[in-house]
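Q: Got a structure for you, written out below as structure tokens; questions coming shortly.
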Amino acid sequence: MRRYARFVIPALGLVAVLLGFLLFNLKDSLVFFRTPTEVVQEAQAGDGDRMRLGGQVVAGTIDETTDGVAFDVSDGTTTIAVIHTGAPQQLFQEGIGVVITGTWDGTMFHSDEMMVKHDEQYRTEDGGEYHPGDYPDSATG
Amino acid sequence: MTRSRFFEFAAVAAVAAALAVALGIGEERTMGNLARVLFVHVPSAWLAYLSFVVTLVGSGLYLRTKDLRWDRFAASSAEVGVFFTTLAIALGMIWGRSTWGVWWTWDARLVLTAVMLFVYLGYLALRRSIPDRLARARRSAWLGILGIVQIPLVHFSVVWWRTLHQQATIFNTEGMQMDWPFRSALFAGLAAYTLVYVVLMRRRIELARLEDRFEDLVAAEEREVAGEAVTAPRYEGSTELEIEETPPPARSRRAVVLALAIAAFLVAAVAVVSSQATSLSRWGWVAYAYTVAYVAMLTYVAWLAWRITVTRRRVEEVS
């Protein structure tokens, strides 16, 4: 057996184990953020653990505060009130996705870091919606 | 018009057309002008995928045929792929800072793309570390084949894990959620970058051919000096015969200084613009991303041309 092959076999095994671990074992815990439903159901309120919360900014709930902004975040099932300290990101607006980092006290989410999550939809300014089968002119209705 | 001139002309024309479409269409509803970064970021990521698939094909064909042309093909594509993976990450960072609000975050798509970059950098490092050409070709072919597992991992990371990065635009399960102006700009970008890939590959393969020719000539010269007893170092195991390595001809010091100065200037420019990030307008971000993309591409083209010139000169000196 070539000297090099003795190195390749354990390397292959290592890659296989890593991949398997990544794909099957960590599949549930490798989430970048938690949804409002998961935070309400699973998070220990008031233990001060920092976590990321992701959802959509509910329309009509944005209020400026003295040192930041207050708004509600929803995943369609559960809505959580958020108090954010610091300037919001430039794309922050009603209906956009946000991922915020902070703590959950049981009734409010106190965040001090904000990231805006935009989706994979690209729409023209006059509100064209793409539906499969549409033609260019009917898409800008 | 020669064939290589034809491809270069076509690539430049296609890039110009893609630029005109990408900068000429209207604004996106949510992101405004910032959406325009998509039309350079996604084509760069596409070329990263394409390059590494081509490396896989070249590696497989080399192992089947043992024809070193396929080894050069695979290696050239890997280098171009490393360039475009880096570019996709850099443009992604600019887009991320302007839309998400952060340059980098430990998101599955971002981390796995970085891992892919480092594995293929490892492929290039592996090639440089093996002087025996056949052993180098065989071992790097295996790495070129194994490395491919990362492409589905990177591409489906946004489906398998909950990420900050948005879902795939083109291969979306619910169809492409994109209005027509953005689609035309995206596909124009993909077509133009694919032509750029063809141009870069032709140059990189030419360089690889010259490098192999140089190695052959040096080996032939040593064989003449040493007499018939020594076989060419082309064959595996021949290093036991203790063939002295010829030191590479000294590079022009002025060229090295110039390259370092250009690199320092580019790094400084990127650092200065990045530090002004909060005051950049949306058009400013677009200009930043497009400048980085095309300055990087022109620099790579120039670097390839320089390496070809230097290697050709070395070949002429030896022969």
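Q: Residue check, B:Tyr123 against (1) at pLDDT 90 or above; (2) more than 9 Å from chain A (Cβ to nearest Cβ); (3) surrounded by fewer than 20 Cβ atoms within 10 Å (Cβ to Cβ), all met but one. Which one?
A: (3)
Q: Out of everything in segment A:75-123 that is crowded, with 17+ Cβ neighbours inside 10 Å and small (Gly, Ala, Ser), what residue ends up being nearest to B:Arg162 (Cα to Cα)?
A: Among them, the one singled out is A:Gly97.
Q: Something else: With the requirement that a residue be among the small types (Gly, Ala, Ser), at the interface with chain A (Cβ under 8 Å from one of its Cβ atoms) and under 16 Å from B:Gln166 (Cα atoms), what does segment B:17-46 give you? First the steps, then the outcome.
A: Quick first cut of segment B:17-46, residues among the small types (Gly, Ala, Ser) only: B:17-18, B:20, B:22, B:24, B:26, B:32, B:35, B:44-45.
Now restrict to residues that are at the interface with chain A (Cβ under 8 Å from one of its Cβ atoms): B:26, B:35.
Across segment B:17-46, the qualifying residue is only B:Ala35.
Q: Count, please, the residues in segment B:169-187 that happen to be more than 23 Å from B:Ala17 (Cα to Cα), at the interface with chain A (Cβ under 9 Å from one of its Cβ atoms) and either within 25 Å of the chain's Cα centre (by Cα) or among the charged types (D, E, K, R) (or both). Walk me through it before giving the result.
A: Keep residues of segment B:169-187 that are more than 23 Å from B:Ala17 (Cα to Cα), which gives B:171-175, B:177.
Okay, now just the ones that are also at the interface with chain A (Cβ under 9 Å from one of its Cβ atoms), so B:172, B:174-175, B:177.
Then drop every residue that is not either within 25 Å of the chain's Cα centre (by Cα) or among the charged types (D, E, K, R) (or both), which leaves B:174.
Counting residues in segment B:169-187 that are more than 23 Å from B:Ala17 (Cα to Cα), at the interface with chain A (Cβ under 9 Å from one of its Cβ atoms) and either within 25 Å of the chain's Cα centre (by Cα) or among the charged types (D, E, K, R) (or both) gives 1.
The values are calculated or read from the model by the stated rules, or taken from the named source; none is laboratory data. Fair warning: this is a prediction, and the values are worked out from it, not measured in the lab. Cβ: placed from backbone, ideal geometry, glycine included. Neighbour counts: every protein chain shown.
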